[in-house]
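The values are calculated or read from the model by the stated rules, or taken from the named source; none is laboratory data. None of the values given here were measured: they were computed from a predicted structure. Virtual Cβ from ideal backbone geometry, glycine too; neighbours counted across all protein chains shown.
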Amino acid sequence: MRSNTIQRMVVNEMRRMYDSGSPDRLTFSWDSNSYTADQVSYAQLELLRARSRHQARNNDYVIRLIQILKDNIVGAQGFKLRSKVIDFNGKPDRPARQAIERAWMRFVEDSNLVEIEQLLIDGLATDGEALCYLRVERNGNIVPTLIDPVRLDINFNEELDNGNVVRMGIEYDSHVNPVAYHINDDYQSHHPSVGASQESQKRTRIPALQMLHLFRKNFIGQKRGTPWIAPSLGRLFQLGEAEKAALTAFRIGAAKMGFFRSDEDEEYTGDGESGDMMLNAEAGTFENIGSLKFEAFDPTYPSGDYAPFVERILKGVSSGLGVDYHSLGNDLSGVNYSSARVGMLETREYFKTIQGWIIHSFLKPLFKLWLDTSLLYQRITIGQRPLSRGLDYYLPAQFVGRRWDWVDPKNEAMAKKTQYDMRTVSLSQIIRERGDEPEDVFREIAEENELMEQLGISAQQVLSKLEAEDEPKEDTE
């Protein structure tokens with residue numbers, strides 16, 4: 001009697017809790033295991049990575065997504081360095097700032113850093129993580145080198161004699177801090193199809209201080225990254241398969257006009273010598289499958305439901321990927337200024353978040369190592385004099401990612417002017433939102449005004465000339 005009472009109490013209590021936590025026949029297939037991040041990575045990372053790379057090679061929308069991410073997060077020029085060195089009087093140390101920025105620009109060009117940043121986005125979308133080996137040459141040059149994360153073998157797990165442990169290719173100390181990365185030397189030995197044993201694989205141990213392991217953590221204790229497109233892989237794959245089926249049906253419907261059949265029991269022996277039945281789908285063909293009675297063939301698929309189906313799938317995918325639908329689907333139908341602005345604002349905030357994460361996780365550690373090495377080898381100079389103060393003095397810096405023009409620049413400019421007239425924003429804030437440095441803009445304006453005054457021209461004259469050149473020419477013929 002008592003046990004029945006307790007059972008009834010448990011059932012009654014569960015009715016008062018979350019519906020999603022109640023087991024019933026409608027939620028029977030819902031996974032209820034609390035997997036850790038490492039368990040998920042160990043079980044599925046290789047498969048997710050392989051499928052993500054396959055989609056990046058074959059799925060138009062994934063290719064489009066990666067291009068959107070690279071164009072908006074990195075852009076054509078990459079991230080700009082703004083040195084923020086302050087002297088001991090609290091004033092900007094402009095000679096030091098200019099010297100550091102010039103030297104960094106040379107490093108960016110010599111190391112193809114913009115290309116590396118774009119490759120990082122490629123890898124993060126399909127692999128969820130990126131490995132950048134900060135190799136220091138004997139002459140002190142920093143050579144950032146990307147390593148395929150597949151070479152960080154997820155199946156390499158060991159207990160080491162020094163008390164450290166290796167989990168999924170990464171060596172950790174007793175406080176679970178990364179100590180080193182064990183990279184497979186033979187690029188093919190890690191591949192499952194080769195079947196090499198763990199003992200036969202050769203690895204290079206790279207200290208964690210020389211390796212930047214970039215991945216966004218979604219769970220506590222996560223040690224390896226998962227592909228950014230992983231949550232949408234299922235929909236993307238099914239959409240691709242549905243489009244293939246629709247295209248096949250469309251081709252058959254456009255090519256096959258009809259059949260000839262017989263009312264008698266005449267067997268169709270096929271076109272080939274083997275007797276196999278074959279269906280030709282060449283344009284304008286009539287296939288004889290009997291004796292001279294025509295059967296029209298009029299397929300109705302793809303029907304009018306196909307376009308809404310694709311749109312619905314892509315809207316779900318775009319939500320999972322953090323980009324607006326009309327950009328991912330290249331669909332501008334029904335988009336007006338207001339809706340486009342709302343969608344772009346949310347997407348650009350996402351881009352800014354990714355930019356901030358890349359600056360914090362990749363660019364600032366790289367800049368610190370580069371600056372420390374450059375000061376040691378006296379590569380940054382003001383005139384002929386190398387910078388002679390400590391690293392902490394020259395380290396303050398800001399990286400700025402690319403910024404974007406608006407759908408209607410005139411309305412946006414008027415809105416900024418109204419805000420400035422109301423004294424709710426400053427000119428410096430407006431300039432920084434565009435990704436520029438206020439001091440640089442003010443100096444350029446001052447130099448421009450001085451030059452125009454020397455030449456005896458005004459800004460209005462220049463603008464009038466530009467407007468005249470933009471006016472359409474009359475056809476004299």
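All but one of (1) loosely packed, with under 13 Cβ neighbours inside 10 Å; (2) at pLDDT below 80 hold for Gly290, so report the exception by its number.
(1)
List, please: which pairs have Cβ atoms under 7 Å, are six or more places apart or on different chains, and start with a residue in segment 83-107 that is in contact (Cβ under 8 Å) with a residue 24 or more places away in the chain and end with one that is of a type in the set (Asp, Glu) and surrounded by 19 or more Cβ atoms within 10 Å (Cβ to Cβ)?
Val85/Asp93; Ile86/Asp93
Touching a Gly at 6+ places or on another chain (Cβ under 9 Å), among the polar types (S, T, N, Q) and assigned to a helix (DSSP H, G or I) - does that describe any residue in segment 93-107?
No: segment 93-107 contains no residue that is touching a Gly at 6+ places or on another chain (Cβ under 9 Å), among the polar types (S, T, N, Q) and assigned to a helix (DSSP H, G or I).
Out of everything in segment 10-51 that is of a type in the set (Val, Ile, Thr) and part of a helix (DSSP H, G or I), what residue ends up being modelled with the highest pLDDT? Steps first, answer last, please.
Initial filter on segment 10-51 (of a type in the set (Val, Ile, Thr)): 10-11, 27, 36, 40.
From what is left, the residues that are part of a helix (DSSP H, G or I) are 10-11, 40.
Details: Val10: 54, Val11: 53, Val40: 89.
Step by step, filter segment 10-51, then rank; the result is Val40.
Applying the selection to segment 374-426, what residues are of a type in the set (S, T, N, Q), within 27 Å of Gln77 (Cβ to Cβ) and outside any loop (DSSP other than H, G, I, E, B)?
The initial filter retains those residues of segment 374-426 that are of a type in the set (S, T, N, Q), namely 374, 378, 381, 384, 388, 398, 411, 418-419, 424, 426.
Restricting the remaining residues to those that are within 27 Å of Gln77 (Cβ to Cβ) gives 374, 381, 398, 411, 426.
If the condition is that a residue be of a type in the set (S, T, N, Q), within 27 Å of Gln77 (Cβ to Cβ) and outside any loop (DSSP other than H, G, I, E, B), then Ser374, Thr381, Gln398, Asn411 are the ones that fit.
Ile68 is checked against (1) among the aliphatic types (A, V, I, L, M); (2) surrounded by 15 or more Cβ atoms within 10 Å (Cβ to Cβ); (3) out of contact with any Phe, Trp or Tyr (no Cβ under 8 Å at 6 or more places or on another chain); (4) not in a helix (DSSP H, G or I) and fails just one. What number does that condition carry?
With respect to (1) among the aliphatic types (A, V, I, L, M); (2) surrounded by 15 or more Cβ atoms within 10 Å (Cβ to Cβ); (3) out of contact with any Phe, Trp or Tyr (no Cβ under 8 Å at 6 or more places or on another chain); (4) not in a helix (DSSP H, G or I), Ile68 is out only on (4).
Filter segment 211-254 for residues that are assigned to a helix (DSSP H, G or I), under 30 Å from Val179 (Cα atoms) and at pLDDT below 90 and give the result. Explain how you work it out, then say what you get.
Taking segment 211-254 and keeping what is assigned to a helix (DSSP H, G or I), we get 230-254.
Now narrow it down to the ones that are under 30 Å from Val179 (Cα atoms): 230.
Matches in segment 211-254: none.
Take segment 121-139 and flag every residue that is assigned to a strand (DSSP E or B) and either among the β-branched types (Val, Ile, Thr) or free of Cβ contacts under 8 Å to residues at least 12 places away in the same chain (or both).
Let us first name the residues in segment 121-139 that are assigned to a strand (DSSP E or B), namely 130-136.
Passing the criteria: only Val136.
Among (1) more than 22 Å from Cys132 (Cβ to Cβ); (2) part of a loop (DSSP other than H, G, I, E, B), which single condition is Ala76 missing?
Just one mismatch for Ala76, condition (1).
Residue-wise test of (1) modelled with pLDDT of 95 or more; (2) surrounded by 13 or more Cβ atoms within 10 Å (Cβ to Cβ).
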| residue | (1), (2) |
| --- | --- |
| Phe107 | yes, yes |
| Leu131 | yes, yes |
| Glu137 | no, no |
| His175 | no, no |
| Asn184 | no, yes |
| Tyr187 | no, no |
| His190 | no, yes |
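Contact list please: Cβ distance under 8 Å, first residue in segment 392-403 and in contact (Cβ under 8 Å) with a residue 12 or more places away in the chain, second residue part of a strand (DSSP E or B) and surrounded by fewer than 16 Cβ atoms within 10 Å (Cβ to Cβ), pairs at least six apart or on different chains.
From segment 392-403, the pairs are Pro396/Ile86.
Would you tally the residues in segment 140-170 being in a strand (DSSP E or B), over 23 Å from the mean Cα position of the chain (by Cα) and under 21 Å from Leu369 (Cβ atoms)? Working first, answer last.
Restricting attention to segment 140-170, the residues satisfying the condition of being in a strand (DSSP E or B) are 142-147, 158-159, 165-167, 170.
Filter again for over 23 Å from the mean Cα position of the chain (by Cα), leaving 142-143, 158-159, 165-167, 170.
Those left that are additionally under 21 Å from Leu369 (Cβ atoms): 142-143, 170.
Selection size over segment 140-170: 3.
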